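Notes follow once the structure below has been shown.
The values are calculated or read from the model by the stated rules, or taken from the named source; none is laboratory data. Keep in mind it's a predicted model, so treat the numbers as computed, not measured. Don't worry about glycine lacking a Cβ; one is built from the backbone with ideal geometry, like all the others, and counts go over all protein chains shown.
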Amino acid sequence: MSELNNKEKQNSRKGPNEVEIFVSQSLRFGVLLSASVILIGLVLFLTSGEGGYPGEYYPTQLKEIFAGALSLKPFGIILAGLVLLICTPIMRVGISALVFLKEKDWLYVGISTVVFLILVSGFFFGK
Amino acid sequence: MTIVAIKILLVSISAGILGSILGLGGGIIVTPALTLLFGVDIQHAIGASLISVISTSSGAAIAYIRDGITNIRVGMFLEIATTVGAITGALIAGLISPNLLYIIFGVLLLYSALAMLKKTKEELPEEVPLHNVASKLKLQGEYYDKALKKQVSYNVDNVYGGFGVMYGAGVISGLLGIGSGSFKVMAMDVFMKLPLKVSSATSNFMMGVTGAASAGIYLYRGDISPIISAPVAIGVLIGATIGAKIMQRLKSKTIRKLFIPVLMYVALQMMAQGLGVKL
């Protein structure tokens, strides 16, 4: 019974708790990182006028995108930044699962894990 | 090229501001702007609008979560419905004609716009019962409303209805790459009776995940063009950061007045699309 009361206290606590602060900070990290990479790629493309690939071509597979980014091809860098941006919400779900785990909120550990698995499987359905 | 990129950036900033205030992805601005103003083909415009959805979500959520407006539990729980829906939508996109779906969901949106009209005088939902499933999932919550300058506690109703609409929202976003935010806000506002700010912020929070669920598929298809998507991503991220600050200081009544015409526009657009009429 005392455990239940404790849980209720946690839920009704005012202001952002640990879950919120941590999830917010991880999102900020993902956003700043991906925005910087995209911006670098965009500036490189606009100043050089070239995407680094023949004609209008740009890579669409993860391996080719990151290979292009590593060899500093502007389109490769932009797309790598966009992939990081796409991964940010997925990472957010994974991190929430870990934070709920730390708080021993098993129901939500389960829910976040299910969402995370569905998301990751989405990346493979596309193949 | 640089001038075009800057123009796309500016349009995207406004899309980010509006999208983050209303809990929509900004696709309703980005897609028509890219196709009509910049002559981008619809395939790449949808790819960019998906990037816009994810950018609005992550950009706005930084502030909304930190300030406790977002209900993370509601978001997480409903994401099960939206992600499964999004994958369903992306998978059936090439298989079936989505016309009937457009009409059905268009009518549903129009209905909810009308339902919202009745709530224009109401600042916060009143006397909402706590659904027994909501209680088990600990979905009820509270937030500090900067416009009302007070702490607002709220209950959550009709979890099943909300969950069902969220699945539909996921299917639509997987099919279209846009239009899912309006369904999410509707599910939480009209069905689950959450405060509008919480609905908007939580919709924002979830949108990124729904978007990401189908983004891989669009990426592999080559729909996400680096030239178009780069200024969209950066512009929308800037806009969403600004919008998340503005929204908290607006009254819910004001947000609702902005929301209803947008909802009606999206509803009519979807029905027109389903009937094959060009608006």
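Confirm whether A:Ile38 is surrounded by 14 or more Cβ atoms within 10 Å (Cβ to Cβ) and more than 18 Å from B:Gly59 (Cα to Cα).
Numbers: surrounded by 14 or more Cβ atoms within 10 Å (Cβ to Cβ): yes; more than 18 Å from B:Gly59 (Cα to Cα): no.
Criteria not met by A:Ile38.
Going by what's in this entry, would B:Ser14 be described as buried (at least 24 other Cβ atoms within 10 Å of the Cβ), in contact with a Gly (Cβ under 7 Å, 6 or more places away or on another chain) and part of a helix (DSSP H, G or I)?
Values: buried (at least 24 other Cβ atoms within 10 Å of the Cβ): no; in contact with a Gly (Cβ under 7 Å, 6 or more places away or on another chain): yes; part of a helix (DSSP H, G or I): yes.
No: the conditions fail for B:Ser14.
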Checklist entry - From the list B:Leu100, B:Leu91, B:Leu36, which one is free of Cβ contacts under 8 Å to residues at least 40 places away in the same chain and either over 17 Å from the mean Cα position of the chain (by Cα) or on the phi > 0 side of the Ramachandran plot (or both)? => result B:Leu36
Checklist entry - Is it the case that some residue within the stretch A:111-121 is at pLDDT 90 or above and more than 10 Å from every other protein chain (Cβ to nearest Cβ)? => result yes
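When you check B:Leu109 against the structure, is it surrounded by fewer than 13 Cβ atoms within 10 Å (Cβ to Cβ), within 29 Å of B:Ala213 (Cβ to Cβ) and out of contact with any Lys or Arg (no Cβ under 6 Å at 6 or more places or on another chain), yes or no? Even if it seems obvious, please write down each step before you answer.
Numbers: surrounded by fewer than 13 Cβ atoms within 10 Å (Cβ to Cβ): no; within 29 Å of B:Ala213 (Cβ to Cβ): yes; out of contact with any Lys or Arg (no Cβ under 6 Å at 6 or more places or on another chain): yes.
Here the answer is no, as B:Leu109 does not meet what is asked.
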Next on the checklist: Looking at the structure I just gave you, is B:Ser55 in contact (Cβ under 8 Å) with a residue 12 or more places away in the chain, hydroxyl-bearing (Ser, Thr, Tyr) and more than 30 Å from B:Gly276 (Cβ to Cβ)?
Outcome noted: yes
Next on the checklist: I need a count of the residues in the stretch A:42-80 that are closer than 17 Å to B:Gly222 by Cβ and in contact (Cβ under 8 Å) with a residue 40 or more places away in the chain.
Outcome noted: 2
Checklist outcome for this item: Condition set crowded, with 24+ Cβ neighbours inside 10 Å and of a type in the set (Phe, Trp, Tyr), scope the stretch B:156-211, selection farthest from A:Cys87 (Cα to Cα): answer is B:Phe183
Item to check | Of residues in the stretch B:58-80 being in contact (Cβ under 8 Å) with a residue 12 or more places away in the chain and charged (D, E, K, R), the one farthest from B:Tyr143 (Cα to Cα) | outcome: B:Glu79
Item to check | 1 or more residues at pLDDT below 85, touching a helix residue (DSSP H, G or I) at 6+ places or on another chain (Cβ under 9 Å) and within 10 Å of chain A (Cβ to nearest Cβ): qualifying helices (runs of 4 or more DSSP H) within the stretch B:62-142 | outcome: B:72-92
Item to check | Test for A:Leu101: is it more than 28 Å from B:Leu91 (Cα to Cα), at pLDDT 95 or above, surrounded by fewer than 18 Cβ atoms within 10 Å (Cβ to Cβ) and more than 7 Å from chain B (Cβ to nearest Cβ) | outcome: no
Item to check | Hits in the stretch A:14-51 (condition: at the interface with chain B (Cβ under 7 Å from one of its Cβ atoms) and of a type in the set (Ser, Thr, Tyr)) | outcome: A:Ser24
Item to check | Failed item, numbered, when B:Val53 is tested on (1) outside any helix (DSSP H, G or I); (2) under 17 Å from B:Val185 (Cβ atoms) | outcome: (1)
Checklist entry - Got a sec? Which helices (runs of 4 or more DSSP H) wholly within the stretch A:35-127 have at least 2 residues that are within 15 Å of the chain's Cα centre (by Cα) and within 29 Å of B:Leu175 (Cβ to Cβ)? => result A:74-102, A:106-125
Next on the checklist: Exactly one of these conditions fails for B:Ser203: (1) of a type outside the set (A, V, I, L, M); (2) closer than 18 Å to B:Leu130 by Cα; (3) within 20 Å of the chain's Cα centre (by Cα). Give me its number.
Outcome noted: (2)
Checklist entry - Among the residues of the stretch B:18-34 satisfying the criterion of being among the hydrophobic types (A, V, I, L, M, F, W, C) and over 28 Å from A:Leu44 (Cβ atoms), which is modelled with the lowest pLDDT? => result B:Ile28
Next on the checklist: Given the criteria buried (at least 24 other Cβ atoms within 10 Å of the Cβ), farther than 24 Å from A:Val23 by Cβ and more than 17 Å from the chain's Cα centre (by Cα), does B:Gly216 qualify?
Outcome noted: no
Next on the checklist: Given the condition more than 14 Å from chain A (Cβ to nearest Cβ) and either at pLDDT below 90 or within 18 Å of A:Val23 (Cβ to Cβ) (or both), answer yes or no: does some residue in the stretch B:46-55 qualify?
Outcome noted: yes
